[in-house]
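Enquirer: Please find one structure pasted underneath; my questions will follow.
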Amino acid sequence: MPDKHRAIVMYRDEVEKNVNYEKQLSHQFGIDINTCGSEDLVMSFVRIPPGHRSRAHYHINAALGQYFIKGQGKYYIGCGVEGEESAYDLKPGTFIYIPKGVIHIIENTGDEDIESIACYGGVPSGEATGKFFCEGPLKENK
């Protein structure tokens, strides 16, 4: 484990892809307890291919902040909660804040990958966010 009193510099091409966190998306957790010893901040580079989306889910233990760098899509918030459902267009330059416990879906409606940065506070890893799925596995797009 890295020394928690030293700054750590990593490059995205050196960070492993996490294929278990959400199979329809590509996550690279560049900042977490495993990569640099962070106990209270998680940052991930997220890639969503065209025609793919996340499953409806929420995080029990952490709020989510997300910034979109590339691509076009939709962000659905409050899914399945009457009077709380909203849909927002995603484009480069979009910031999204999702409080813990709020159901959400990210969908790529464009013709290129969506690329974004996701950040969770107060937890040491993606798994520690308490990601809870509200729907079963999605059919794999080929």
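Enquirer: Take the chain, compute every pairwise Cα distance, and split them into 5 Å bins from 0; I just need the percent in each bin.
Expert: 2, 10, 19, 24, 21, 14, 6, 3, 1, 0
Enquirer: Estimate the FRET efficiency between Arg6 and Ile69 by the formula 1/(1 + (r/R0)^6), using the beta-carbon distance for r and 35 Å for R0, to the nearest 0.05.
Expert: Efficiency, from the Cβ-Cβ distance: 0.80.
Enquirer: What is the magnitude of the charge dipole of the stretch 17-133 about its Cα centre, with +1 placed on the Cβ of each Lys and Arg, -1 on the Cβ of each Asp and Glu, and no other charges, expressed in debye to the nearest 20?
Expert: 180 debye
Enquirer: Quick one: pull the percentage of alpha-carbon pairs in the stretch 60-110 with a separation above 11 Å.
Expert: 68 percent
Enquirer: If you average 1/r over all unlike Cα pairs in the stretch 90-131 and invert the result, what Kirkwood radius do you get in angstrom?
Expert: It works out to 12.5 Å.
Bear in mind these aren't lab numbers, they're just calculated from the coordinates by the rules spelled out. All values derive from a computational prediction rather than experimental measurement. Because the Cβ atoms are built from the backbone with ideal geometry, glycine has one as well, and the counts that use them run over all protein chains shown.
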